[in-house]
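Data first, discussion second: the structure below is written as structure tokens.
The values are calculated or read from the model by the stated rules, or taken from the named source; none is laboratory data. Treat the numbers as computed from the prediction; the structure is a model and nothing was measured. No Cβ is skipped: glycine too gets one built from the backbone with ideal geometry, and neighbour counts run over all protein chains shown. Accessible surface is based on the protein model in full, side chains and every heavy atom, while ligands, DNA and RNA are left aside. Shrake-Rupley method; radii C 1.70, N 1.55, O 1.52, S 1.80 Å.
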Amino acid sequence: MKATRWTFSALLLSCSFAATAFAAGGGDSAAPKPTNTTKTCKGARVWDDQKQRCVAPKQSSLDPDELYDAVRELAYAGRYSDAQMVLAAMPDQTDSRVLTYWGFTYRKQGYPDQAMSYYTQAIAQDPQNHLARSYMGQGFVSEGKYGLALEQWKIIRANGGSDTWAEISLREALLSGQTQSY
């Protein structure tokens, strides 16, 4: 039996939820603050505080967490190909966060098959990766696959992700049919 969006809406609305929305990046409640990486650097460059200039990610003194923050900032700014260049500089390409953002940037550039492959890898690395599940679910919503998106939403909630940005944004996508732009 094929369920309609109304059925999903009724199911989703029957669950209690917080009104607070969280920004992309897990439980972080704020959008990434623009730094010199997005304010000053052009192309696939990141701001290096030690060198006091924009540099190629592989030539930067940034550690993996700082590189990840740069990826997140660039993706939030809609600079997906630049974010991918920073992702390519990450030392551990099997890290769940790295795989999640590879998927996100591919999805936002219109490559849903590559995105789903990366989300699947991220979830295999970390089944508790609510962000990867949310982004995967939003990709399913974009493709009209509401049942698959609902499945990801249920998994997020069942694994402690209720009221996180990941859960709320996927729920809103299921209700509205619109996905997040970041």
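Tabulated data for the structure shown
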{"quantity": "In Å², nearest 10: area of T179 left accessible to a 1.4 Å probe", "calculated": "50"}
{"quantity": "Solvent-accessible area, 1.4 Å probe, carbon plus sulfur percent, for the range 82-182", "calculated": "49"}
{"quantity": "Peptide ranges 75-83, 115-123 listed from the most packed, as the mean C-beta count within 10 angstrom indicates", "calculated": "115-123, 75-83"}
{"quantity": "Rounded accessible area per residue of the range 49-108, 1.4 Å, Å²", "calculated": "46"}
{"quantity": "Loop-resident sites, the range 105-171, for GluC sites (Glu not before Pro), counting at most 13 other Cβ within 10 Å (DSSP)", "calculated": "E143"}
{"quantity": "Computed over the range 99-160, Cα set: Rg, Dmax in Å", "calculated": "10.5, 30"}
{"quantity": "Listed pairs K33/K108; K42/K108; K108/K145; K51/K108; K108/K154 exceeding 26 Å between Cα atoms", "calculated": "K51/K108"}
{"quantity": "Relative contact order %, the range 35-127, counting alpha carbon pairs below 8 Å whose residues are six or more apart", "calculated": "21"}
{"quantity": "Nitroxide proxy distance, nm - points 7 Å out along Cα→Cβ at Q109 and N159", "calculated": "2.6"}
